[in-house]
Amino acid sequence: FIRWGTSTVVRQYIQRELLSQNHCRMTCSTKDKKEGELPTPPIAVDRQWISKLLQKFPNSNSRRNDKALVVAPMVDQSDLPFRLLCRRYGANLCFTPMIHAGLASTSKTYRAKFMGTWLTPEDRPLIAQICGSDPDKVLTTARLVEPYVDGIDINCGCPQDIARRGNYGAFLLEQEDTLLTLVKHLVAHLGVPLSVKVRILPGPDIEASLALYGKIVDAGIHLLTIHGRTRTQKAGLTGHADWETIGKAVELYGDRIPIFANGSIQDYDDVEECLRVTNADGVMSSESLLEYPPIFYRIPQTPERT
């Protein structure tokens with residue numbers, strides 16, 4: 001049963017649907033609809049859940065706690081020791097390294113890597129990222145860590161060839177039915193919020209990316225992180241992240257779920273500028289934190305002598 005909340009929310013939803021007919025921003029495709037059938041209404045979520053987490057686990061070393069200052073999921077990098085280091089120097093939310101659902105479902109040794117001592121009460125709030133496209137395998141993996149984390153994230157951002165071969169990461173964004181089936185399966189069975197980390201679709205049509213984000217939001221996710229680059233922008237072809245597109249996504253869907261911005265964060269000035277341009281609920285950083293973990297650090301001020 002879906003509670004619509006205020007009439008303003010209803011009007012905003014109807015307005016978005018009318019504006020998005022050309023891009024099919026609904027939870028099912030046009031060919032699947034019967035003539036005259038109303039669009040499926042969005043699934044309600046707690047828009048403030050990230051803010052509540054930051055209040056529940058405040059970090060006095062953060063430059064600000066009204067926005068999420070996030071350690072990105074990084075394979076073999078964002079493990080517990082590094083996460084604790086970043087928290088000491090201002091990060092107020094962390095993601096685990098990517099957990100491979102296929103390996104977790106077949107290898108006891110691999111599963112052990114993500115259980116036991118990698119979890120500690122000081123490492124909160126924490127979101128576990130999982131990669132995969134098989135709904136049952138991803139759900140099984142999510143349930144291994146679900147009792148110990150504050151959310152589960154689906155990796156739809158990895159642009160590497162290994163992600164192509166494994167059918168996960170940014171390549172899922174170009175398989176809409178597979179992605180939405182996975183999202184809806186996890187939403188229906190998880191007891192913690194579901195997050196999705198995405199990129200911009202290849203090609204010049206930004207509206208296609210925005211439409212896809214809308215369908216993912218409609219499927220019931222609780223958090224969207226947008227890396228403002230396409231999967232082809234990697235290695236020496238990265239370029240500057242498209243913060244403007246992230247800002248457009250925030251305008252469209254930010255009243256329903258929190259949205260994080262990712263990409264082109266070199267220092268704290270970039271953090272503030274990214275927040276200004278996008279109006280996002282938080283900023284995620286990866287490689288720059290590896291080079292300089294105190295990006296988010298609030299430097300203690302020495303009291304003036306009297």
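Computed from the coordinates by the stated procedures, all read-outs in this text should not be read as laboratory data. The shown structure was predicted, so the numbers you read here are calculated from the model rather than taken from an experiment. Positions of Cβ are backbone-derived with ideal geometry, glycine not excepted, and every protein chain shown enters the neighbour counts.
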Descending principal axes extents, region 199-306, alpha-carbon based, whole Å: 60, 35, 19
Mind listing the phi-derived Karplus ³J(HN,Hα) values for region 125-140, rounded to whole Hz, using 6.51, -1.76 and 1.60 with θ = phi - 60°, and x for any glycine or proline? x, 9, 10, 9, 9, 10, 10, x, 10, 7, x, 5, 5, 5, 5, 4
Nonlocal amide H pairs with H100, under 5 Å, H built at 1.01 Å: C131
Give me the net charge of Q160's neighbourhood, meaning all other residues with Cβ under 11 Å from the Cβ of Q160; Lys, Arg count +1, Asp, Glu -1. +3
Calculate the length of the line joining the C-alpha centroid of region 218-294 to that of region 78-105, in whole Å. 18 Å
Could you name the aspartates and glutamates whose alpha carbon sits less than 12 Å from that of K52, not counting residues in the same chain fewer than 8 places away? D66, D150
If the limit is 21 Å between Cα atoms, which of K184/K234; K197/K248; K113/K137; K56/K215; K137/K184; K108/K184 go over it? K184/K234; K56/K215; K108/K184
Suppose the Debye formula is applied to equal point scatterers at every Cα of region 74-224; what is log10 I(q)/I(0) at q = 0.12, 0.13, 0.21 Å⁻¹? -0.49, -0.57, -1.38
Compute the signed sum of charges (Lys and Arg +1, Asp and Glu -1) over the other residues within less than 11 Å, Cβ to Cβ, of R63. +1
